[in-house]
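The values are calculated or read from the model by the stated rules, or taken from the named source; none is laboratory data. All of these numbers come straight from a predicted model, not from anything done at the bench. Every residue, glycine as well, gets a Cβ built from its backbone with ideal geometry; the counts of neighbours run over all protein chains shown.
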Amino acid sequence: MTDKRPIRLGWVSSISPAGWEDDRFPQMLDWTRPEMYVEMTRVLESAGFDFVVLDDEQLTPDAYEGSLAAAARRGVALPQLDPSVLIPMLAAHTRSIGFVPTLSTALYPPFILARLVRTLDHLSDGRVGWRPGTTVSRWAARAAGLAPPGGGEQRERVEEYMRVVAALFASWEPDAVVEDPVSGTFADPEKVRPIDFVGQYYQVRGPLNVVPSPQYDLPVFHTVAEEADIGFAAAHADVAIVPFAPVEEIRGVREELRHRAVSAGRSPDAVRLYVGLNPLAGRTADAREAISRPLPETECIEFGLVRLSCGTGIDLASVPLDEPLDDTLTKQIESSPFGRSAAIARASSLREAAAAVGVAGPYDVSGDAEEIADDLERIADATACDGFVLRGRWIPTEVNYVANHVAAVLRMRGRMAPRERSSRLSDRLPAEPARSS
Amino acid sequence: MVMPFRLALFSMYGARHWDLPQLQNNDWRRAPMYVEAARMLETRGGLEAIIFADGAAIPTAYKGSTEAYVRYGLEGVNGDAVPLLAAIATSTRHIGLMCTMSTSLYPPYLLARILATLDHLSGGRAGWNLVTSVGEVAKNFGADALPEHDERYDRAEEFLELVTQLWDSWAPGAVLRDRDGLRFADPERIRPVNYEGTYHRAAGPLTVPRPPQRRPTIMQAGSSERGRDFAAKNADMIICIRNSPEAMKDFRDDIRERARSFGRNPDSVKVFFTVRLFVGDSYEDALALRSSMIDRATVNEEVGLANYSYRAGYDFNRLPLDEPLPADFRTGHSQSMVPQYTERGQTLTLREIALAEARKENFHLTGTPKDVADGMVDLMEQVGGDGIAIRDTNDPTTVTAVVDRVIPLLRARGAVRSRYRYSTLRENLLDPEFTS
């Protein structure tokens, strides 16, 4: 292999107690306090991870048996804290790793969002991006008193939202602030303008009230979960996170992204492609078994069923466990966040699907550090992706293994990017055009 | 025996003081200055809280344009204080973290979730300065104007009721984390709220468990009839700007009476008055410091008119500069902005008001550390107690003068907090033994 481009790594997790049932989750650690997240983020930073995406998963906690009971008992789908509040705490204790909060475009008014993320960029000295949460589950919409989610209109609305945010960022020209104490001129009023945005969904006068931040425009991350996401990512995203899929499929998405980026008036390399992947990483088969099945099998399957229900919004409580899955159900699962998993696709019954989901699955790759590194190299070289966003829980032993073993092997093999680089998040994304095949 | 009182810092995360000499070595956009200030205010000052004002728009109140506000870097040019408070939280343990958030701009569920998260991550130190918003910020939020004054309070009542229910949607004991019984939470104790109001609705529950304080500490600054009722009924803490000890006493007595009429113990509402402190080696030295604050290019009548127009929601460019305000003058937005300069027979001209607004000095104490400390003690004796919100910047020069020169004198007299006995903001705020 002559193509030895660096493999860049990011991490994604939500601020939740995920893994609380696992013996390796330290009893003393309080998931509602910042200490654990700070520690783990420092571990990831030392290992050379470029960013942490803080997820805000859109789930349906009351799908299973039509009530919150099963989800609450197992601590899945709920609770979840707001991602933006943790970021300044992580930033205060790190110096180069970036942060990407997932912020719901349904819940955040665009003005509040623009000023929040630009403030985060100031407070982190330029280490922040953002990931628009463009979908909202029916449960989350109801809980928050929002209109129920709807298809095409929602897309239009989000497109308009992105235009408002971009206009607010641009409402201060990069050199608008002069700060000349002698004349008393803080900023040049000619370079700060109202946006007077009047759209179908939003009316915003502007200008933004936060001065330009170190990155000026912040990197936008977007997960390509369905066809429509490709167009959105091509138009707005700096990083597209494509969930793990067969290599040809990822290459197809990549070509589509490049093509559509050009149609949207951008460079074909404007959208960096990171593969989103959930690794089952452990030194031995026994260690991996302990991670994926920390509880007796029936309990793991119960967990899997509840997680699958909350993820798909379908009540799976009354579906027979051992009969072949019917077409309707298969389609519904396929269109959910779990649906792209090969393990789920292979499942011939609900029991098998639930077992694959379990407490923290489904897993996309499995092995020790060398084997996972082999997989990452193979996928990176075959898809020409820019890197990986690894999904994980905040369990210290798990984070430690991925950071200090998997990433360390990649570094030994010369596949990690050099350490001493700018700490701006935009500078830590690959600048070189991704090589086309 | 002096009457004990409490201290807070009332400040902003914004541009307004960018041209002060003492800020030149500190970047007001970044976290370090504020984090350092909060650490000093906690470990040496024993303050109840650091409070950040907020404006969610660059105004056009003055001459219908953002020009003056942008040119001079005035109110409205500021960051979001919530993430700043989060940065401060990781470097402090006791001091309260209060942000200003508007019930007219945030969706209630979002606000409830953000503040519950801050309360958890800070170990129960989140405070909310509940405002209904002034000025024309609504134009950044899809509306031409904010509702009329009383309707804003109707909406705020509903808003507070809803977010309180959301914070309560996880009952005490809901989180079990029982690994052996494999029960993370008790579903019986997580309840939807199904709130359907005239202005707001949400089914809940919140995705965040019950905050450590249950309800983050609520602060209010309403001064109108309706605002005072709202504050006396709901707030743990009230912040108020008045120009004389007599006016402060009137206000506090009134609030306490109203609190009683709502069936509350008046001691459960702490009233803080904003005071500026100018501390020097001698009176002349302190006066020179005061002059240096005023003697800069961004302190002028135009700045004062722009500030006052913003705060009052009225373009004062329309009124003559050298006459007092018309006797029956009222503005629609913040009804308290006018009486501040007209009550108790004051006859200030608009020019004088504009200069006072530009200087932002209002009620101030100037002198040696001992003069200032004595002045604070006297003020609280006259007012009847509760607290002083020091209105100032976060730069180290200003903060060290207060915590290292004035507060030790107050502490020696048993007037201010000697230590924090609790971990949450509300417990410390209501602790009657705070000077022991």
Among the candidates A:366, A:348, which residue alone is touching a strand residue (DSSP E or B) at 6+ places or on another chain (Cβ under 9 Å), of a type in the set (Ser, Thr, Tyr) and without any contact (Cβ under 8 Å) to a residue 60 or more places away in the chain?
A:348
Do we have residue A:127 as within 17 Å of the chain's Cα centre (by Cα), buried (at least 24 other Cβ atoms within 10 Å of the Cβ) and farther than 23 Å from residue A:228 by Cα here?
yes
For residues that are at pLDDT below 95 and small (Gly, Ala, Ser), scanning just the stretch B:349-383, find the one that is farthest from residue B:410 (Cα to Cα).
B:354
Qualifying helices (runs of 4 or more DSSP H) (wholly inside the stretch A:226-334; at least 3 residues being closer than 24 Å to residue A:352 by Cβ and touching a His at 6+ places or on another chain (Cβ under 6 Å)):
none
Report whether or not residue A:121 is on the phi < 0 side of the Ramachandran plot, within 8 Å of chain B (Cβ to nearest Cβ) and either buried (at least 24 other Cβ atoms within 10 Å of the Cβ) or in contact with a Cys (Cβ under 8 Å, 6 or more places away or on another chain) (or both).
no
Give me the residue from the stretch A:141-153 that is among the small types (Gly, Ala, Ser) and within 12 Å of chain B (Cβ to nearest Cβ) and, out of that set, nearest to the chain's Cα centre (by Cα).
A:141
Give the residues of the stretch B:380-414 that are crowded, with 21+ Cβ neighbours inside 10 Å, touching a helix residue (DSSP H, G or I) at 6+ places or on another chain (Cβ under 6 Å) and more than 30 Å from residue B:15 (Cα to Cα), sorted by residue number.
B:383, B:410
Picked from the stretch B:6-38 (must be within 10 Å of chain A (Cβ to nearest Cβ) and hydroxyl-bearing (Ser, Thr, Tyr)), the residue surrounded by the most Cβ atoms within 10 Å (Cβ to Cβ) is B:13
Flagged in the stretch A:223-237 as within 13 Å of the chain's Cα centre (by Cα) and surrounded by fewer than 23 Cβ atoms within 10 Å (Cβ to Cβ), in numbering order, are A:225
Can you go through A:138, A:163 and tell me which one is within 22 Å of the chain's Cα centre (by Cα), more than 10 Å from chain B (Cβ to nearest Cβ) and without any contact (Cβ under 8 Å) to a residue 40 or more places away in the chain?
A:163
Residue B:436 in contact with a Gly (Cβ under 8 Å, 6 or more places away or on another chain), outside any helix (DSSP H, G or I) and among the polar types (S, T, N, Q)
no
Quickly run through the stretch A:184-212 and pick out the residues that are out of contact with any Ser or Thr (no Cβ under 9 Å at 6 or more places or on another chain), within 15 Å of residue B:74 (Cα to Cα) and either in a loop (DSSP other than H, G, I, E, B) or more than 8 Å from every other protein chain (Cβ to nearest Cβ) (or both).
A:188, A:209, A:211
The number of residues in the stretch B:162-177 that are closer than 17 Å to residue B:233 by Cβ and within 13 Å of chain A (Cβ to nearest Cβ) is 3
Taking only pairs six or more apart or across chains, which ones have beta-carbon atoms under 9 Å, a first residue in the stretch A:406-429 that is closer than 27 Å to residue A:215 by Cα and outside any loop (DSSP other than H, G, I, E, B), and a second residue that is of a type in the set (Lys, Arg) and at pLDDT 90 or above?
A:425/A:127; A:428/A:8; A:428/A:127
Look at residue B:57 and say whether it is modelled with pLDDT under 95 and facing chain A (nearest Cβ under 9 Å).
yes
Considering only the stretch A:214-225, state which residues are touching a Phe, Trp or Tyr at 6+ places or on another chain (Cβ under 9 Å) and either among the small types (Gly, Ala, Ser) or outside any loop (DSSP other than H, G, I, E, B) (or both).
A:220, A:221, A:222
Please state which of the following conditions residue A:245 fails to meet, knowing it meets all the rest: (1) modelled with pLDDT of 95 or more; (2) of a type in the set (Gly, Ala, Ser); (3) at negative phi.
(1)
Residues (buried (at least 24 other Cβ atoms within 10 Å of the Cβ) and either at the interface with chain B (Cβ under 8 Å from one of its Cβ atoms) or farther than 18 Å from residue B:113 by Cβ (or both)) located in the stretch A:46-61:
A:49, A:50, A:51, A:52, A:53
Only one residue in A:283, A:307, A:293 is of a type in the set (Lys, Arg), surrounded by 19 or more Cβ atoms within 10 Å (Cβ to Cβ) and on the phi < 0 side of the Ramachandran plot. Which one?
A:307
Condition first: without any contact (Cβ under 8 Å) to a residue 60 or more places away in the chain, under 25 Å from residue B:359 (Cα atoms) and more than 7 Å from chain A (Cβ to nearest Cβ). Now tell me which residues in the stretch B:60-92 satisfy that.
B:65
Whether any residue in the stretch A:83-92 is under 18 Å from residue B:112 (Cα atoms) and more than 15 Å from the chain's Cα centre (by Cα) is what I want to check.
yes
Residue pairs within 8 Å by beta carbon, gap of at least six or interchain, first lying in the stretch A:19-34 and within 11 Å of another protein chain (Cβ to nearest Cβ) and closer than 20 Å to residue A:359 by Cα, second surrounded by 14 or more Cβ atoms within 10 Å (Cβ to Cβ) and polar (S, T, N, Q), listed first then second, are A:31/A:16
Which helices (runs of 4 or more DSSP H) does the stretch B:193-306 wholly contain that include 1 or more residues that are charged (D, E, K, R) and under 18 Å from residue B:131 (Cα atoms)?
B:225-234
Go through (1) assigned to a helix (DSSP H, G or I); (2) within 15 Å of residue A:278 (Cβ to Cβ); (3) of a type in the set (A, V, I, L, M, F, W, C) for residue A:360 and report which single condition fails.
(1)
Inside the stretch A:95-118, can you point out the residues that are in a loop (DSSP other than H, G, I, E, B) and more than 9 Å from chain B (Cβ to nearest Cβ)?
A:95, A:96, A:97, A:105, A:106
